[in-house]
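Report on one structure; see the data block that follows.
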Amino acid sequence: MQTGEESQVPQSSGHSNRLLYVLVAVLVGAIGISMWYLSRERQQTRELAAANQGLSTSLTQIQTELQTVTDRLNHLSANRPGAIGTEAPPRPRAKARVVAAKRAPVEPKDDSRLKQIQNRLSDHEKQIASAREDLNKTRDDLQGNLDSARDELSGSIARTHDELVALQRRGESDYFEFTLDKSKQFHHVGPLSVSLRKANVKRKSYDITLLVDDNQLQKKSVNLFEPVWVNLADGSRPLELVVNKIDKDHIQGYVSEPKYKQSQPSVNAAAKPLTNVLRP
């Protein structure tokens, strides 16, 4: 027997199709932007790697020249009269002044070249540090853009209880908070039955098993705040499961269930209170 709600499906099917096309276009655009940013990041990484290689080669050459100058200075110092381990033969004072006058111009020349090499080495080190800083900044910007695109694709994610309350006030979905310990037993969370099999605190990930329409669905290595979409057999909008806290053998999160089917309007709806599912 058909109900009054089902009789409204043909009247709103055109509007639902247009809305579906818009959502598909938004998803395709977001994916395209993400791929463009990823391609740009890879190109910049290759360029920075090439520049870093060139700077490293120059740095090696400068270090080699510096070592050569240092060895030469050490050799000159070892061969000076009066150096440790050597004794200069007694000479007249006049000859000593001549030798000192001949040797004096050599020291400033070597010192000037050493300073030049040190300055070049310092400049190359600054260039390498600047290139690394630019690379890290580019990676951070790309990660932020990817996170933003991922949020657009996955919808609104509540990271705290207050954010979940704010989503509830929109009146578009019902939210069921849960707290689960590691167990092979299933626990009811709204329309789902969930079993936590593993919680990795270091990697911020977890493994769960869902009981959907009498079928078990395993999800492994799910990240913190990553939405898990569950399609039901009745063709209604998919459910969304999000974990926003991971402890040792313990997780917390919520399940989101749309209040209306795709053919039903969601405007001017009264929001239901949050349902809490406590640990057994």
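Projecting the Cα positions of S183, I208, I246 onto the charge dipole of the range 157-277 (unit charges on Cβ atoms of Lys, Arg, Asp and Glu, taken about the Cα centre) puts I246 furthest along the positive direction. Taking 0.36 nm per residue of separation and subtracting the Cα-Cα distance, full extension of the segment from T45 to Q67 would add 4.7 nm. If one computes the Cα centroid of the range 216-240 and of the range 10-63, what distance in Å separates the two points? Each part reduced to its Cα centre gives a spacing of 26 Å. Across the range 157-277, the volume of the C-alpha convex hull divided among the residues equals 91 Å³ per residue.
Read the figures in this text as sums done on the coordinates, not as results from a lab. Keep in mind that this is a model prediction, so the values were computed, not measured. Glycine gets a Cβ as well: all are built from the backbone with ideal geometry, and neighbour counts include every protein chain shown.
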